Each structure stands twice: as C-alpha cells, then as structure tokens.
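Peer 1: Let me begin by handing over the structure; questions about it come next.
The values are calculated or read from the model by the stated rules, or taken from the named source; none is laboratory data. In this text, all values refer to a predicted model and were calculated from it rather than measured experimentally. Using ideal geometry, Cβ is built from the backbone for each residue, glycine included, and neighbour counts are taken over all protein chains shown.
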Amino acid sequence: MNKTNNKLRLNPRAWSLSALILTSCLSLTQSVMAFHLPLWEIGAGLGVLNVPHYRGSETNVDVALPFPYIIYRGDFLRVDREEGIRGKLFENPNLNLDLSLSGSIPVPDTDEGARSDMPGLDPLVEAGAELTINMWRSEDDDQKFQFVLPFRFVYSVGDPILKYQGWTLSPYINYKIHQRGAQSLMRYNISFGPIYADRRYHEYFYEVSPEFVTPQRPAYDADRGYSGSRITFSVARNTKKYLLGAFARYDNLDHAVFDDSPLVETTDYFAVGIFFGWIFGTSESKVPHRSTHTH
C-alpha cells in the first residue's frame, strides 16, 4: 500500500497533548552553565514532527507545533527539558522514582488505508511512575548508563472527557553524553528497549469490531503482551538564550502480539523531529544543580 502524507490540523483538545509530546522529545537539553541554575526559565519555541498516525500505520503526518518553553526546578515539581513534567517521589545518587506524563497525537478519520471508513481515535494522555537506576557514570559525570522503567496508565481525551484505555510498560537502557563548552552544552542520548501493554491498550489501536469488517479487513481482537521494541537517538545544543535539537525514533513490531491485525500495514515505524527554542527570561533566584538527576 502506498504511503501518503497528510497535513494534520490539531483540534484544541489535542493541542496541549501534542505540545507535551514535543516537550518529552526534548529529553536531550538541560542547560548546565554553572552549578547553580535559575529556579525558572521562560520562552517559546517551534517544533516540526513527521510521524505515522500510529505504530503500524503507513500514513505519515507532518505536525508543526509552536510551544511554550517553561522550566521550573522546584524541590518536588519539575518541568524541564530533560524529563518533561514530573513530580519527584524519591531521589539518591543511583536511584530516582518520579511521577511522569506523556501523550500521543490523535488519529483522524480517513477514507484510505487500513482504517478507511473507521472512526478516528482521540489523543491519549499517559500518567504514571518512572524508576531510573544509574548503572554507571563517568568520574566527571558527563556520561551515564541508566536503566529506566516507566509504567503508565493511559486515558483517551475526547468524548467522554477522559476514558481509561489500559496501561503500558516500556523498560529501556539509556546512554547519555554531555559535552560542556564555555557558553553551551551539547547533549547526545540513545535509548532502546521493549514495550509491553495490556489488551485494552492494544485494542484501542488494532481491534476491528464486527461493524467495520470488510472483505479486506476481517474482525480482530487484540491481546496483551509484547508490543514491539524501540530505539531513539537525540542530539541538542543548549546555550543561555536558545536550544536547538533533533531526534529520530525507530520501532519494530515483528512478533508483537498484534502484528497479525489487519490494521498493521507495516512492522517498521519511523518518527523524526527538529525543534528550536528561545529563552526570554530567567529568575534571579537560583537552585543547586542536582548532578544525580537533573542535568
């Protein structure tokens, strides 16, 4: 089936979630100009993403997102470029437990592809906990090898406003490199690992109920279990006034429990994005730079 590219206009309920995705893509950029960092930073940015409608779809969408740039380094609540939005539950030099959020863009109605004449899908928001174990770090703390274990509950946002759609578990190995200059920071990040989810989550994307059966699209019930594997690479440059970065992600769905769904058009998933942000202002108050977690 031929790939197509569509321009997606996000509706208001998806806008904030899509911005959150972009924020999570900035898993690469934490400004480390001195041991003490501003309590808050504020600015604005623009990101451009090219992603399939969902994992297994051959139809890509280009999304251009202006986003507010907000950093807050509180003792409990943190909004930062490295970890998105999270609340700190526990932290020591080798172990962190955090609250975290994530999300995904909506899948629009379409008259082509595997989901032709099926209703679109609402955007998803994910909320849960994430355990990070620092397995190794260099003496200067510029390199880290981590094991990260996120577990999140998933909700669709639409009608009804929130509806439970299952859970995901996506453990991964993470390797980080920081290269500090006099006025900037280069950051490289690579991660890989499997994904698991329950039946309800898989059915949200891959179930074919009887009313949508066609000669080319048989009925299908998804199962829980292995959901494929993922590898992500990101790079960013950070100064006191701007940030610039890019990411690339590849998922492989071979042997996933839903890979025989008629809605899976391909077992290869590619997503790429670039972003640029301007920092307009910072607080006069400073907080100590926490090398164990936030740089």
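Peer 1: Which of the strands (runs of 3 or more DSSP E) found entirely inside the range 229-288 contain at least 1 residues meeting this: closer than 30 Å to Gly43 by Cα and under 18 Å from the mean Cα position of the chain (by Cα)? So that I can check it myself, show each step before the final result.
Peer 2: Values: elements: 242-252, 268-282, 286-288.
Output list reads 242-252, 268-282.
Peer 1: Could I ask something else about it? Return a yes/no flag: does the range 195-207 have any residue that is of a type in the set (A, V, I, L, M) and within 26 Å of Asn60 (Cα to Cα). Lay out the reasoning, then the answer.
Peer 2: Going residue by residue through the range 195-207, those that are of a type in the set (A, V, I, L, M) are 195, 197.
Among the residues that remain, those that are also within 26 Å of Asn60 (Cα to Cα) are: 195, 197.
Checked the range 195-207: at least one residue is of a type in the set (A, V, I, L, M) and within 26 Å of Asn60 (Cα to Cα).
Peer 1: State which residue is surrounded by the fewest Cβ atoms within 10 Å (Cβ to Cβ) when the search covers only the range 196-223 and only residues that are within 20 Å of Asp251 (Cα to Cα) and among the aliphatic types (A, V, I, L, M).
Peer 2: Looking at the filtered set, the residue picked out is Ala222.
Peer 1: Scan the range 198-247 residue by residue and report those that are closer than 17 Å to Ser170 by Cα, in contact (Cβ under 8 Å) with a residue 40 or more places away in the chain and either touching a Lys or Arg at 6+ places or on another chain (Cβ under 6 Å) or not hydroxyl-bearing (Ser, Thr, Tyr) (or both).
Peer 2: His202, Gly228, Arg230, Ile231, Thr232, Phe233
Peer 1: Mind counting the residues in the range 42-80 that are assigned to a strand (DSSP E or B) and at pLDDT 85 or above? Can you show your working first?
Peer 2: First, the residues of the range 42-80 that are assigned to a strand (DSSP E or B): 42-52, 59-73, 77-80.
Among the residues that remain, those that are also at pLDDT 85 or above are: 42-52, 59-64, 66.
Matching residues across the range 42-80 total 18.
Peer 1: Conditions: (1) of a type in the set (Gly, Ala, Ser); (2) in contact with a Ser or Thr (Cβ under 7 Å, 6 or more places away or on another chain); (3) more than 22 Å from Gly56 (Cβ to Cβ). Ala182 meets all but one. Number of the miss?
Peer 2: (2)
Peer 1: Taking Leu162, is it of a type in the set (A, V, I, L, M), over 24 Å from Asn50 (Cα atoms) and out of contact with any helix residue (DSSP H, G or I) (no Cβ under 8 Å at 6 or more places or on another chain)? Give the derivation first.
Peer 2: Numbers: of a type in the set (A, V, I, L, M): yes; over 24 Å from Asn50 (Cα atoms): yes; out of contact with any helix residue (DSSP H, G or I) (no Cβ under 8 Å at 6 or more places or on another chain): yes.
Spelling it out, Leu162 is indeed of a type in the set (A, V, I, L, M), over 24 Å from Asn50 (Cα atoms) and out of contact with any helix residue (DSSP H, G or I) (no Cβ under 8 Å at 6 or more places or on another chain).
Peer 1: Within the range 248-290, track down each residue that is touching a Lys or Arg at 6+ places or on another chain (Cβ under 6 Å) and over 22 Å from Val51 (Cα atoms).
Peer 2: Correct list: Ile279, Val287.
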